[in-house]
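The values are calculated or read from the model by the stated rules, or taken from the named source; none is laboratory data. In this text, all values refer to a predicted model and were calculated from it rather than measured experimentally. Cβ: placed from backbone, ideal geometry, glycine included. Neighbour counts: every protein chain shown.
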Amino acid sequence: MRTITLALTGASGMPYGLRLLECLLEAGTRVQLLYSAAAQIVAKQECALTLPTQPREAARSLGERYGARQDQLLVYARDDWLAPMASGSNPGDAMAICPCTMGTLGAIAGGLADNLIERAADVILKERRPLVLVPRETPLSTIHLDNMLRLAQAGAIILPPAPGFYTQPRTIDDLVDFVVARVLDHLGVAHDLVARWGDARERPGPPTETV
Ligand SMILES: Cc1cc2nc3c(=O)[nH]c(=O)nc-3n(C[C@H](O)[C@H](O)[C@H](O)COP(=O)(O)O)c2cc1C
């Protein structure tokens, strides 16, 4: 079973993070879930969801909500330095931070490692495993852009939640799935959330006129 660390931070876009959690569990991966205090506020605001402060309670309630199997969903406190992903000896297969605040992004770019989310990201980068960041802010300052460049140069995948419209989305769920599909691709998790461009199934007939 592959092990993915998923961190939710307090940026707008919690539906992406929760849908990602659901898809990872459905795909049979073991999920090590982390979330910040600000993520708890945003989850309440955007999804009317209470993310419990106690990790054990969080694993129980989120596991029930998403039908996780026994021990498939593990939740860790933000200062649990005994958690596996705090060490390069046990980093897991990949990590996503979705949504990712500019604060957490800046802290990772600066190598702070001051809480378990920042430390896990620091570890996964140094171990050369995939780190997918889904940063959300608009507009972006040069500080944000500098930090993103620094992280991309260190090997992180910067994946802004910028859904395409060429799939002709009809609902908010379609837009969310577009972004989550790209995150899953970069985590190496199979899915069929969105039809792939050029797939025979989806391909329209050839153009009949040249102009
Ligand atoms: C409803 C809400 C939406 C927010 N949206 C964003 C956002 O899109 N991007 C961002 O960088 N910060 C956003 N913030 C501010 C962060 O939550 C704040 O900077 C916090 O300290 C980040 O902490 P964290 O990185 O530990 O989650 C938002 C806060 C709230 C309450």
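Miscellaneous remarks
- Positions within the stretch 42-56 being surrounded by fewer than 19 Cβ atoms within 10 Å (Cβ to Cβ) and under 22 Å from Arg119 (Cα atoms), in sequence order: Pro52, Thr53, Gln54, Pro55, Arg56
- Number of positions in the stretch 21-42 that are assigned to a helix (DSSP H, G or I) and either closer than 15 Å to Leu74 by Cβ or within 16 Å of the ligand (Cβ to nearest atom) (or both): 9
- Residue among Val194, Val123 that alone is over 22 Å from Met102 (Cα atoms) and either crowded, with 17+ Cβ neighbours inside 10 Å or hydrophobic (A, V, I, L, M, F, W, C) (or both): Val194
- Hits in the stretch 141-156 (condition: surrounded by fewer than 14 Cβ atoms within 10 Å (Cβ to Cβ) and hydrophobic (A, V, I, L, M, F, W, C)): Ile143, Leu145, Leu149, Ala152
- Test result for Arg128, on the phi > 0 side of the Ramachandran plot and assigned to a loop (DSSP other than H, G, I, E, B): yes
- Among the residues here, Gly111 does not qualify as touching a residue at least 60 places away in the same chain (Cβ under 8 Å), over 18 Å from Val183 (Cα atoms) and either among the small types (Gly, Ala, Ser) or more than 11 Å from the ligand (Cβ to nearest atom) (or both).
- Taking the criterion of being closer than 23 Å to Val183 by Cα and either crowded, with 19+ Cβ neighbours inside 10 Å or among the aliphatic types (A, V, I, L, M) (or both), the residues of the stretch 59-77 that qualify are Ala59, Leu62, Gly63, Ala68, Leu73, Leu74, Val75, Tyr76.
- Residue pairs whose Cβ atoms lie under 8 Å apart, sitting 6 or more positions apart in sequence or on different chains, and linking a residue in the stretch 43-54 that is within 13 Å of the ligand (Cβ to nearest atom) to a partner that is of a type in the set (S, T, N, Q) and at pLDDT 95 or above, are Ala43/Thr50; Lys44/Thr50; Glu46/Ser12; Leu51/Gln40.
- The one condition in (1) closer than 25 Å to Gln72 by Cα; (2) away from the ligand (no atom under 15 Å from the Cβ); (3) touching an Asp or Glu at 6+ places or on another chain (Cβ under 9 Å) that Gln168 fails to fulfil: (1)
- If only residues of the stretch 84-102 that are within 19 Å of the chain's Cα centre (by Cα) and in a loop (DSSP other than H, G, I, E, B) are counted, the one that is surrounded by the fewest Cβ atoms within 10 Å (Cβ to Cβ) is Asp93.
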